[in-house]
Amino acid sequence: MTRWLDADEQRTWRAFLAASRALMDSLDRELQRDAGMPHAYYEILVRLSESTDRQLRMSDLAESTNSSRSRLSHAIARLEEAGWVRRESCPSDRRGAFAVLTDQGFEVLAAAAPGHVEGVRRHLFDQLSPAQVDQLRQISETLMDHLAADRPTS
């Protein structure tokens with residue numbers, strides 16, 4: 001038997017979808033305008049910048065960015081063309097590869113970060129009270145824990 005959404009649940013669901021999409025669209029447009037990159041590329045650069053030696057196995061990077069391996073491979077190819085990332089072979093696994101953030105990529109990220117953080121602050125945190133920020137974090141963590149349990153381990 002289908003458990004249909006009641007009117008309040010439907011309103012909440014649609015508001016959540018619209019707000020999530022609008023936020024990500026705004027941040028993506030701003031990054032494109034100000035830094036010449038989509039949010040997906042920014043996230044890849046951030047993940048690499050935060051990792052040891054500014055490198056990650058491609059499979060780990062795909063998982064951490066919630067990307068398919070083929071989508072990530074395409075993105076890395078574009079980032080390589082820009083000179084922001086390079087691929088290196090994995091010495092312990094001939095089929096494996098690392099994505100490595102170049103110095104140029106790090107500089108591009110460092111230049112883009114202040115504007116992006118300001119956008120996140122302006123569009124999200126400045127719109128919420130401290131209690132709402134705490135609630136949003138708790139709700140997001142609950143959803144992430146639930147969804148991580150449902151995720152296939154590949």
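Every read-out reported here was derived from the displayed coordinates using simple, explicitly stated rules and does not represent laboratory data. These numbers were taken from a predicted model, which means no experiment stands behind them. With ideal geometry, Cβ positions are generated from the backbone for all residues, glycine too; neighbour counts draw on all protein chains shown.
Values as computed for the structure displayed
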| item | result |
| --- | --- |
| Label selected from [x] 1.14; [y] 0.94; [z] 1.23, the criterion being Cα Rg over 2.2 N^0.38 Å as computed here | [z] |
| Residue-span extension gain [Arg94 to Trp13] - 0.36 nm each, minus C-alpha spacing | 24.6 nm |
| For the range 35-112, convex hull volume per residue from C-alpha positions, Å³ | 82 Å³ |
| Order of Val117, Val108 under a 10 Å beta carbon neighbour criterion, fewest first | Val117, Val108 |
| Hz values of 3J(HN,Hα) by residue in the range 114-130 - Karplus curve (6.51, -1.76, 1.60), Gly and Pro given as x | x, x, 5, 4, 5, x, 4, 4, 5, 7, 10, 5, 5, 8, 10, 7, x |
| Hz values of 3J(HN,Hα) by residue in the range 94-104 - Karplus curve (6.51, -1.76, 1.60), Gly and Pro given as x | 4, 7, x, 8, 10, 9, 10, 6, 7, 4, 4 |
| Amide H contacts under 5 Å for Gly96, placed H, 5+ residues apart | Cys90 |
| Förster radius 22 Å - calculated FRET efficiency between Ala113 and Glu63, Cβ distance, rounded to 0.05 | 0.45 |
| Highest-fluctuation residue, Arg137, Arg122, Arg33 considered, GNM on the chain with Cα pairs under 10 Å | Arg137 |
